[in-house]
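**Q** I'd like to ask some things about the structure below.
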Amino acid sequence: MLRVKVELVPGGWEGGSREIARAEIGNISNLADMSDYAVRVSEGRNSVAGTEAWSCEGKIFAHDRRTSVWSLVAKVAHWAAQEAERS
């Protein structure tokens, strides 16, 4: 499983950091070269955007594992951004 945490670090001060979003990404296709993933994302309440906390589960299909991990993270982030618009 991959876990991606998004933290807000106000002014670069680590002591004030807090998690504002998270993605958990699990391979569900036995680590095949072209893999499918179960995804769970969540985001806390955002007073700047005026949105409430939300979470969602879904899947990413046919991802080429031979690419950079950032390619998978980008796909998950794109999917999560679309889900956030629906929340």
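Here's the yes/no breakdown for (1) in contact (Cβ under 8 Å) with a residue 24 or more places away in the chain; (2) in contact with a helix residue (DSSP H, G or I) (Cβ under 6 Å, 6 or more places away or on another chain); (3) of a type in the set (S, T, N, Q):
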site	(1), (2), (3)
Leu31	yes, no, no
Ala38	no, no, no
Glu43	yes, no, no
Ile60	yes, yes, no
His78	no, no, no
Gln82	no, no, yes
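**Q** Still on this structure, I have one more. If you scan the stretch 1-13, which residues turn out to be open to solvent by 60 Å² or more (accessible area, probe 1.4 Å) and of a type in the set (Val, Ile, Thr)?
**A** Going residue by residue through the stretch 1-13, those that are open to solvent by 60 Å² or more (accessible area, probe 1.4 Å) are 1-3, 5-8, 10-11, 13.
Correct list: Val6 only.
**Q** Can I ask one more? State all residues of the stretch 73-86 that are open to solvent by less than 90 Å² (accessible area, probe 1.4 Å) and not β-branched (Val, Ile, Thr); if no residue qualifies, say none.
**A** Within the stretch 73-86, Ala74, Lys75, Ala77, Trp79, Ala80, Ala81, Gln82, Glu83, Ala84 qualify.
**Q** Restricting to the stretch 27-60, give me the number of residues that are more than 15 Å from the chain's Cα centre (by Cα) and open to solvent by 100 Å² or more (accessible area, probe 1.4 Å).
**A** The number of residues fulfilling the criteria is 5.
**Q** With respect to the numbered conditions (1) open to solvent by less than 60 Å² (accessible area, probe 1.4 Å); (2) within 12 Å of the chain's Cα centre (by Cα), which one is the sole condition not fulfilled by Gly16?
**A** (2)
**Q** Another one. Report yes if Trp70 is among the aromatic types (Phe, Trp, Tyr) and surrounded by 10 or more Cβ atoms within 10 Å (Cβ to Cβ), otherwise no. Spell out the reasoning first.
**A** Values: among the aromatic types (Phe, Trp, Tyr): yes; surrounded by 10 or more Cβ atoms within 10 Å (Cβ to Cβ): no.
For Trp70, the condition - among the aromatic types (Phe, Trp, Tyr) and surrounded by 10 or more Cβ atoms within 10 Å (Cβ to Cβ) - is not met.
The values are calculated or read from the model by the stated rules, or taken from the named source; none is laboratory data. For clarity, every value in this text was computed on a predicted model and none was experimentally measured. We place every Cβ from the backbone using ideal geometry, glycine too, and count neighbours over all the protein chains shown. Remember, those area values only see protein heavy atoms, side chains included, never the ligands or the DNA or RNA. Shrake-Rupley method; radii C 1.70, N 1.55, O 1.52, S 1.80 Å.
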